[in-house]
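Engineer: My structure is below; once you've seen it, I'll send some questions.
The values are calculated or read from the model by the stated rules, or taken from the named source; none is laboratory data. Quick caveat: nothing in here was measured; it's all calculated off a predicted structure. Reconstructed Cβ throughout: ideal geometry from the backbone, glycine too, with neighbour counts over all protein chains shown.
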Amino acid sequence: MDEIVIKGGTVLDKSGSRKVDISIGGDGNISQIGTGLTGSRIIDAAGCIVTSGLVDLNSHFCQPGDEQVETIESGTRSAALGGYTAVMLMPDTSPAIDSAATVREVQSLRNEALCHVEISGSLSLGGAGDTLSPIGEMSTLGVRFFAHASCIDLNLPFLRRAMEYGAMFDVTVALTPFVSGNGHMHEGAVSSDLGIQGVAIEEEEILVSQFVKIAELTGARLHLQQISSPASIETISAAKAAGALITCEVSPHHFALTDEEVRSYKSIYKLAPPLRTRKELEKISDLISRGEVDAIATCHTPNSQHEADLPFEEAPYGGIGLETAFAVAVTELDIPMNEILSMMSWVPAEIAGLSSTHGGTLSEGRPGNLIVIDESTQWTPSSKAMASKSKNSPFDERQLQGKVKDTFVNGEAVVLDGEAQR
């Protein structure tokens with residue numbers, strides 16, 4: 001590997017901002033940080049920000065099982081184009097990642113990836129929510145994050161047992177406060193106008209309250225995914241202030257889009273939890289600006305085209321978001337860049353247990369997992385041109401600002417000038 005020097009940019013990381021060059025050695029690690037550096041390959045970063053790569057805590061890649069919808073290769077190509085050097089693969093594959101054998105199978109697929117893939121385990125066998133997966137055995141293989149994405153049948157004794165095991169094996173338990181099948185969109189004026197069964201926001205708030213209480217009881221480390229209610233964030237913040245080991249994430253669509261989009265009947269706006277009202281959106285944005293949200297996560301969820309073409313009420317939940325998440329955050333959030341990067345890189349890396357290689361502070365000897373971003377670039381994403389096999393982007397054809405120019409993973413230039421290199 002040639003020595004790469006990223007020149008002329010402003011380095012912005014957890015330690016602050018400075019005008020320096022970064023050299024990546026042949027071993028893929030950062031070899032020098034300073035001024036006036038030279039190398040065999042120069043990357044012009046003039047006018048750009050150089051920072052640690054983004055880390056996503058909620059990516060669904062469908063492999064094994066539904067490779068025609070998304071693979072680890074296509075999903076991580078999409079991730080790299082969006083500036084992600086690491087993603088957390090959710091366990092709802094087919095079969096679910098609920099055993100040591102499945103963990104090993106997915107680990108063997110990581111050589112196809114364009115960025116690091118961290119594997120999460122399913123809390124329950126088959127994701128059914130009734131029988132615990134072998135958490136201890138899976139944790140010996142390096143799995144540190146165990147998720148239960150949809151509470152189809154809420155089983156509080158099961159969740160308590162799962163969190164007790166999580167605390168015992170020092171792993172993170174991740175829960176999404178959403179019950180599948182209860183409705184298709186936010187319950188409110190728009191759902192009433194359209195005659196579509198809605199999901200009350202209070203359902204999420206009740207679930208979050210229950211999850212928080214169990215976490216406090218067991219001492220488990222809990223990560224709450226896909227929060228869409230301001231009241232839920234306030235509940236989480238109160239518990240954190242009292243000493244609970246709880247973090248939470250919000251997705252770009254929950255601070256950028258409202259339930260008014262559903263009037264189009266396009267299934268790209270059928271998301272779980274559902275898009276909320278303008279009032280909730282503005283309050284979530286305010287809570288983000290006040291530092292009440294730990295992470296921004298994509299919940300990148302591909303669907304096949306024939307599923308996306310179904311009528312709204314028959315279509316599955318989900319939308320892709322790895323290539324647009326950073327730009328949506330820059331476009332929609334009125335906060336400094338370092339705060340965006342904290343929620344999309346530095347803190348997610350800590351939550352995922354990857355802070356020694358991703359996020360944090362760029363320093364000599366550290367793996368070359370970094371990105372070059374131009375926060376002023378305006379662009380209009382097209383789902384047809386995205387690297388994902390799926391085209392169900394809720395931000396298709398929306399003008400955005402801020403784009404990832406280059407992505408380096410372990411020193412390899414996997415994206416240059418906005419183009420994937422493999």
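Engineer: Looking at Leu156, Leu141, Leu114, which one is in the same structural domain as His60 (by TED's automatic domain parsing) and closer than 16 Å to Ala96 by Cβ?
Structural biologist: Numbers: Leu156 fails: closer than 16 Å to Ala96 by Cβ; Leu114 fails: closer than 16 Å to Ala96 by Cβ.
Answer to the selection: Leu141.
Engineer: Quick check on my filter: what residues within the range 310-339 are of a type in the set (Phe, Trp, Tyr) and not in a helix (DSSP H, G or I)?
Structural biologist: Taking the range 310-339 as the starting set, the residues that turn out to be of a type in the set (Phe, Trp, Tyr) are 312, 317, 326.
Matches in the range 310-339: Phe312, Tyr317.
Engineer: Here is a follow-up. Output the qualifying pairs, or none if there are none: Cβ atoms under 7 angstrom, residues six or more apart or on different chains, first residue in the range 207-236 and in contact (Cβ under 8 Å) with a residue 24 or more places away in the chain, second residue among the basic types (Lys, Arg) and surrounded by 22 or more Cβ atoms within 10 Å (Cβ to Cβ).
Structural biologist: Cβ pairs passing all conditions: Ser228/Arg276.
Engineer: Ok, one more. Quick check on my filter: what residues within the range 74-101 are surrounded by fewer than 22 Cβ atoms within 10 Å (Cβ to Cβ) and at pLDDT 95 or above?
Structural biologist: Ser99, Ala100, Ala101 - these are the residues of the range 74-101 that are surrounded by fewer than 22 Cβ atoms within 10 Å (Cβ to Cβ) and at pLDDT 95 or above.
Engineer: If you don't mind, another one. Between Gly136, Gly126, Gly82, which is small (Gly, Ala, Ser) and in contact with a strand residue (DSSP E or B) (Cβ under 8 Å, 6 or more places away or on another chain)?
Structural biologist: Gly82
Conditions tested, residue by residue: (1) buried (at least 22 other Cβ atoms within 10 Å of the Cβ); (2) free of Cβ contacts under 8 Å to residues at least 60 places away in the same chain; (3) out of contact with any helix residue (DSSP H, G or I) (no Cβ under 9 Å at 6 or more places or on another chain); (4) among the aliphatic types (A, V, I, L, M).
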{"site": "Leu109", "(1), (2), (3), (4)": "no, yes, no, yes"}
{"site": "Glu112", "(1), (2), (3), (4)": "no, yes, no, no"}
{"site": "Ser120", "(1), (2), (3), (4)": "yes, yes, yes, no"}
{"site": "Leu125", "(1), (2), (3), (4)": "no, yes, yes, yes"}
{"site": "Ala128", "(1), (2), (3), (4)": "no, yes, yes, yes"}
{"site": "Ser139", "(1), (2), (3), (4)": "no, yes, yes, no"}
{"site": "Gly142", "(1), (2), (3), (4)": "no, yes, no, no"}
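Engineer: Tell me, please, whether a residue that is in contact with a Lys or Arg (Cβ under 7 Å, 6 or more places away or on another chain) and over 21 Å from Glu216 (Cβ atoms) can be found in the range 95-113.
Structural biologist: Quick first cut of the range 95-113, residues in contact with a Lys or Arg (Cβ under 7 Å, 6 or more places away or on another chain) only: none.
Checking the range 95-113: not a single residue is in contact with a Lys or Arg (Cβ under 7 Å, 6 or more places away or on another chain) and over 21 Å from Glu216 (Cβ atoms).
Engineer: When you scan the range 210-218, do you find a residue that is among the polar types (S, T, N, Q), more than 22 Å from Thr298 (Cα to Cα) and surrounded by 18 or more Cβ atoms within 10 Å (Cβ to Cβ), even just one? Steps first, answer last, please.
Structural biologist: First, the residues of the range 210-218 that are among the polar types (S, T, N, Q): 210, 218.
Filter once more, so that each one left must be more than 22 Å from Thr298 (Cα to Cα): 210, 218.
Applying the additional criterion that residues be surrounded by 18 or more Cβ atoms within 10 Å (Cβ to Cβ) yields 218.
Scanning the range 210-218, I find at least one residue that is among the polar types (S, T, N, Q), more than 22 Å from Thr298 (Cα to Cα) and surrounded by 18 or more Cβ atoms within 10 Å (Cβ to Cβ), so the answer is yes.
Engineer: Going through the range 280-296 one residue at a time, which ones are under 26 Å from Ile196 (Cβ atoms) and touching a residue at least 24 places away in the same chain (Cβ under 8 Å)? Reasoning before the result, please.
Structural biologist: Initial filter on the range 280-296 (under 26 Å from Ile196 (Cβ atoms)): 280-285.
Those that are under 26 Å from Ile196 (Cβ atoms) and touching a residue at least 24 places away in the same chain (Cβ under 8 Å): Glu280, Leu281, Lys283, Ile284, Ser285.
Engineer: Could we say that Glu375 is in the same structural domain as Thr85 (by TED's automatic domain parsing) and closer than 24 Å to Ile288 by Cβ here?
Structural biologist: Numbers: in the same structural domain as Thr85 (by TED's automatic domain parsing): no; closer than 24 Å to Ile288 by Cβ: yes.
So Glu375 does not fit the description; no.
Engineer: Can we say Lys270 is modelled with pLDDT of 95 or more and surrounded by 17 or more Cβ atoms within 10 Å (Cβ to Cβ)? Before the answer, list the steps.
Structural biologist: Numbers: modelled with pLDDT of 95 or more: yes; surrounded by 17 or more Cβ atoms within 10 Å (Cβ to Cβ): yes.
Yes, satisfied.
Engineer: Among the candidates Pro311, Pro336, Pro302, single out the residue that is within 19 Å of Thr176 (Cα to Cα) and of a type outside the set (Lys, Arg). Talk me through it step by step, then tell me what you get.
Structural biologist: Details: Pro311 fails: within 19 Å of Thr176 (Cα to Cα); Pro336 fails: within 19 Å of Thr176 (Cα to Cα).
Answer to the selection: Pro302.
Engineer: Give me the residue from the range 189-204 that is under 28 Å from the mean Cα position of the chain (by Cα) and of a type in the set (Asp, Glu) and, out of that set, surrounded by the fewest Cβ atoms within 10 Å (Cβ to Cβ).
Structural biologist: Glu202
Engineer: While we're looking at this one, here's another question. For the range 299-314, check the following and say yes or no: at least one residue is within 20 Å of Val415 (Cα to Cα), in the same structural domain as Ile268 (by TED's automatic domain parsing), surrounded by 17 or more Cβ atoms within 10 Å (Cβ to Cβ) and not aromatic (Phe, Trp, Tyr). Quick ask: steps written out before the conclusion?
Structural biologist: Narrowing the range 299-314 to residues within 20 Å of Val415 (Cα to Cα): 300.
Remaining after also requiring in the same structural domain as Ile268 (by TED's automatic domain parsing): 300.
Retained after the next criterion (residues that are surrounded by 17 or more Cβ atoms within 10 Å (Cβ to Cβ)): 300.
After this cut, where a residue has to be not aromatic (Phe, Trp, Tyr) as well, the list is 300.
Yes, the range 299-314 has at least one match.
Engineer: Starting from the range 51-63, take each residue that is in contact (Cβ under 8 Å) with a residue 24 or more places away in the chain and list its partners that are of a type in the set (Ser, Thr, Tyr) and in a strand (DSSP E or B), counting only C-beta distances under 7 angstrom and pairs at least six apart or across chains.
Structural biologist: So the pair list comes out as Gly53/Tyr84; Gly53/Thr85; Gly53/Thr407; Leu54/Tyr84; Leu54/Thr85; Val55/Tyr84; Asp56/Tyr84.
Engineer: Just the residues that are acidic (Asp, Glu) and either closer than 14 Å to Tyr269 by Cβ or out of contact with any helix residue (DSSP H, G or I) (no Cβ under 7 Å at 6 or more places or on another chain) (or both), please, taken from the range 179-212.
Structural biologist: Step one: filter the range 179-212 for residues acidic (Asp, Glu), giving 187, 193, 202-205.
Residues satisfying the conditions are Glu187, Asp193, Glu202, Glu203.
Engineer: Continuing with the same structure: Which condition from (1) in contact with a helix residue (DSSP H, G or I) (Cβ under 8 Å, 6 or more places away or on another chain); (2) polar (S, T, N, Q); (3) touching a residue at least 60 places away in the same chain (Cβ under 8 Å) is the one that Thr301 breaks?
Structural biologist: (1)
Engineer: How about the range 1-44: which of its residues are more than 27 Å from the chain's Cα centre (by Cα), assigned to a loop (DSSP other than H, G, I, E, B) and within 23 Å of Leu354 (Cβ to Cβ)?
Structural biologist: Hits for the range 1-44 are Met1, Gly25, Asp27.
Engineer: Out of the range 382-411, which residues are over 21 Å from Cys62 (Cβ atoms) and crowded, with 19+ Cβ neighbours inside 10 Å?
Structural biologist: From the range 382-411, those over 21 Å from Cys62 (Cβ atoms) are 382, 397-411; that's our starting set.
Answer for the range 382-411, where residues must be over 21 Å from Cys62 (Cβ atoms) and crowded, with 19+ Cβ neighbours inside 10 Å: Leu400, Gly402, Lys403, Val404, Lys405, Asp406, Thr407, Phe408, Val409, Gly411.
Engineer: From the list Ser285, Ser345, exactly one residue is crowded, with 22+ Cβ neighbours inside 10 Å, in a helix (DSSP H, G or I), among the hydroxyl-bearing types (Ser, Thr, Tyr) and on the phi < 0 side of the Ramachandran plot. Which is it? It would help to see each step written out before you state the result.
Structural biologist: Numbers: Ser285 fails: crowded, with 22+ Cβ neighbours inside 10 Å.
Unique residue meeting the criteria: Ser345.
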